[in-house]
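What follows is one structure encoded as structure tokens, with my remarks underneath.
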Amino acid sequence: MRVFACLQVLLLLVNATSVSAAEPSPKPTPNFVVIFIDDMGYGDIGPFGSRLNRTPQLDRMASEGMKLTSFYAAPVCSASRAQLLTGCYAPRVSVPGVFFPAGPRGLHPDEQTVADHLHRLGYATMCIGKWHLGDQRVFLPTRQGFDGYFGIPYSNDMGRPTLEDGRSVHPLMRDEKVAELLENEGQRRITRAYTEEAVRFITRNRDRRFFLYLPHTAMHVPLFPHKDFAGKSKNGTYGDWVEEVDWSVGRVLETLRSLQLDRNTLVLFTSDNGPWASKGKAGGVAGPLRGSKGCTLEGGVRVPTIAWWPGTVRPGTSHDGIAGTTDVLPTLVGLAGGDLARAKGKRRIDGIDISPMLTGQSKTSPRDHWFYYQGTRLKAVRSGPWKLAVMKQSLGMGIRQKPADLNIDGPRLYNLDKEIGEKTNRAQEHPEVVARLQKLVASMRADIGSGRPGPGVRPAGQVKNPVTLFPSRPRRRTPTRAGKPIAWQTAKPGDAYPSGSAPRIAGKAFHVDVIVEPRGSDGVLIAHGGSAVGYSLYIKNQKLTWAVRYGTNSIQRLTTNLPDKPNSRLRASVSPNGLELRVNERKPVVVKRFGVLGRHPQEGLCIGHDNANPVDNQSTRKRFGGKLSGLKVTVGDRLKTSKPDN
């Protein structure tokens, strides 16, 4: 019996061995490296047509990997980073524009980032570079799923003066502490410092799975290439820094090769938005695309992208399928073996797993369409080769030229396969395409909204009493001289006042009261401020809009219909609880996610017109032709906003 039992055990072992031999062990889940460049244009690197910038490492990366030629980001920095990390269009997570140092808002800590998901799957996670999703400690990478952080937490043009001696510096952080304060020339070390840190992280984690997020400070202005690259390119300082970025990519890829990790690591190289073309030689180029950073034309949001994974991504290939930053999270989590449907803290996202496209399992992209948001405004949608613009568009941040073909609310239909430069409007020729894409627009407006937040929007994080990361002096602003207060009882359309004469509204609740007799006229009723901060109340196409600008890339609008009555009593309010717009005794239009203005506008107050840079570039520029009476701006810390004054 003992011999028989031994034989049975032996047979079981043999069978188990044969089964193991017949069934190969599952392929290990890959490592991930995401290299996110700042303000690099579609035409700035060799694989995407540049003849000015030498990029041999990126050329090799593309020859060994796949170019994604229809890969989309957001128009500006913070919004694009929010999309990549959360898998959501930026307005869904209330990050429509750009965060500034010592600001009260940031990416909400409850959002589930790609780092959160991968960390729970056992990955080592590291963020090296420009974070720009809030600099209060509760918003930093170490609170968003990353084991560690090394970098400047915002743009390299956002320096603050030190309290000690007034030097303008940027904090270089290690995790949640300031490791060094960098003056401008100190930034010349930053690309190399990021690269060396990345190499150390990869080497340290060679025996475990890792996720490295490497959002470079380059190519944001001011430009600071390392001394080893300064003056070496044929494209000035911009070309110098592009070539240093190329060197950095080469160092990362060579580290992976030397550690024999290349065949089990997916590397994604891309940019956060288009080039800052208004900076001239200090900005990049969009190649064949129209537009630049800050707009929703292709040049503002279609970015140069390369996927590299030797042995898995077919070398030397190119794919024109629609994809974007929202797709990074579901793609990486899926490849890591995660299940978003069962993930902890499950939240709705907009991203799609594009790994079948990358690995060659599918010849087409799983994504059928892409929505183009600028701030909170849905400007356009693309499906297949067709792009439908439904609002006015600009050529980009800082570009004053306003081409007539972009200065209409739409619809404007472009066939990007036939004309990538977005010049010829095909809307009249293809009404059925316009109708189909308008349905997509309507569905997204019903979800995230456009101008006003929809039901699918989640709040940003917010803190009280935000502080700078290091002791610093208050920012120097040109003081607004106090002037003679406005005599509201005699104020009339056409009047203009210096900002110092207007009620002081920084950090305070206020409301605007006015009685209007529109006479069917569009026009600005009152405007105070400009393109940096301010407010405007205007009528356009018989709709009343209350626009409040919190920053260059942050504006909130409330809109309602005007009644047919000859006189309408209006109240537009700003309070710590949000914004409100009321007409007569109707139920007000309210948004509770925005508060008071952080500073007093520099530009003046105008009645019946807006004579400078408009607060809202969507407003009419017409002078108001109707009658105004009872106009007054009232300021107070705790104004009631429920009912207009009688």
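The values are calculated or read from the model by the stated rules, or taken from the named source; none is laboratory data. Because the structure is predicted, anything quoted here is derived from the model rather than measured. No Cβ is skipped: glycine too gets one built from the backbone with ideal geometry, and neighbour counts run over all protein chains shown. Just so you know, the surface numbers come from the protein's heavy atoms only, side chains and all, with ligands and any DNA or RNA stripped out. Shrake-Rupley method; radii C 1.70, N 1.55, O 1.52, S 1.80 Å.
Points worth noting:
- In the context of the full set of protein chains, the chain has a per residue accessible area of 42 Å² (1.4 Å probe).
- Cut-off 11 Å (backbone N to label point 7 Å along Cα→Cβ of ARG504), residues of segment 93-117: none
- Relative contact order [Cα under 8 Å, 6+ residues apart], the chain, whole percent: 15 percent
- Distance between the 7 Å Cα→Cβ label points at GLU196 and ARG167: 1.9 nm.
- Qualifying aspartates and glutamates (Cα of each under 12 Å from Cα of LYS293; at least 8 residues distant if same chain): ASP38, ASP39, ASP272
- With all protein chains modelled, accessible area of LEU358 [1.4 Å, Å²]: 10 Å²
- Approximating the spin labels as points 7 Å out from Cα along Cα→Cβ, the LYS402-to-ARG251 distance works out to 4.6 nm.
- Farthest towards the positive end of the charge dipole of the chain, among the residues VAL533, SER233, LEU558, is the Cα of LEU558, using unit charges on the Cβ of Lys, Arg, Asp and Glu.
- Counting DSSP beta bridges with both ends in the chain, the antiparallel % (nearest 5): 75 percent
- Extension gain for ARG120-ASN613 works out to 172.6 nm (0.36 nm per residue, less the C-alpha to C-alpha distance).
- The residues neighbouring TRP276, those whose beta-carbon lies less than 14 Å from its own, together hold a net charge of -2 under the Lys/Arg +1, Asp/Glu -1 convention.
- Accessible surface of the chain, 1.4 Å probe, proportion on carbon and sulfur as whole %: 51 percent
- Residues within the reach of a label modelled at ASP207 (point 7 angstrom out along Cα to beta-carbon, backbone nitrogen below 17 Å), restricted to segment 108-146, are 123-124.
- Site pair ARG445 and VAL590 shows an inter-label distance of 2.4 nm when each label is modelled 7 Å from Cα along Cα→Cβ.
- Dipole moment magnitude, nearest 20 debye, segment 544-623 about Cα centre, only Lys, Arg, Asp, Glu C-beta charged: 180 debye
- Net charge over other residues, Cβ less than 13 angstrom from the Cβ of GLN393 (K, R count +1; D, E count -1): +4
- Label selected from (1) 40.6, 152; (2) 27.1, 114; (3) 31.6, 112, the criterion being Rg and Dmax of the Cα atoms in Å as computed here: (2)
- When the surface is traced with a 1.4 Å probe over the full set of protein chains, GLU429 keeps roughly 110 Å² accessible.
- Within the same chain, lysines fewer than 8 places from LYS439 are excluded, and of the rest, those with a Cα less than 20 Å from its Cα are LYS379, LYS387, LYS392.
- Across segment 349-360, coupling constants 3J(HN,Hα) worked out from phi with the 6.51/-1.76/1.60 Karplus curve, θ = phi - 60°, read 10, 9, x, 10, 5, 9, 4, x, 5, 6, 8, x Hz, and Gly and Pro carry x.
- Shape analysis of segment 354-473 places it in the prolate category; the axes a ≥ b ≥ c from the Cα gyration tensor give an a/c of at least 1.5, with a/b above b/c.
- Candidate cross-link partners of LYS464 among the lysines, defined by an alpha-carbon separation under 23 Å and a same-chain spacing of 8 or more, comprise LYS177, LYS508, LYS592, LYS640.
- Extended-chain gain in nm, criterion 0.36 nm per residue less alpha-carbon gap, ARG623 and THR364: 88.1 nm
- Efficiency of FRET between GLU429 and ASP409 - r from beta-carbon atoms, R0 22 angstrom, step 0.05: 0.70
- Taking the longest Cα principal axis of the chain as reference, the axis of helix 431-447 is set at about 90 degrees.
- For MET397, the solvent-accessible surface computed with a 1.4 Å probe is close to 40 Å², ligands and nucleic acids excluded.
- In terms of accessible area, using a 1.4 Å probe and ignoring ligands and nucleic acids, LYS423, LYS363, LYS540 rank largest first as LYS363, LYS423, LYS540.
- Per-residue Karplus couplings for segment 281-286, computed as 6.51 cos²θ - 1.76 cosθ + 1.60 with θ equal to phi - 60°, are listed in order as 5, 8, x, x, 10, 9 Hz, Gly and Pro entered as x.
- Annotation: extensible slack from GLU185 through ASP157 equals 8.8 nm (criterion: 0.36 nm per residue apart, minus Cα-Cα distance).
- Dipole magnitude for the chain: computed about the Cα centre from +1 point charges on Lys and Arg Cβ and -1 point charges on Asp and Glu Cβ, it is near 1880 debye.
- Protein-only accessible surface order, largest first, of ARG105, ARG167, ARG382 at 1.4 Å: ARG167, ARG105, ARG382
- The residue among PHE371, LEU416, ALA427 whose Cα reaches farthest toward the positive pole of the charge dipole of segment 299-433, with charges on the beta-carbon of Lys, Arg, Asp and Glu, is PHE371.
- Residue order by solvent-accessible surface for SER573, SER168 is SER168, SER573, largest first, with ligands and nucleic acids left out and a 1.4 Å probe.
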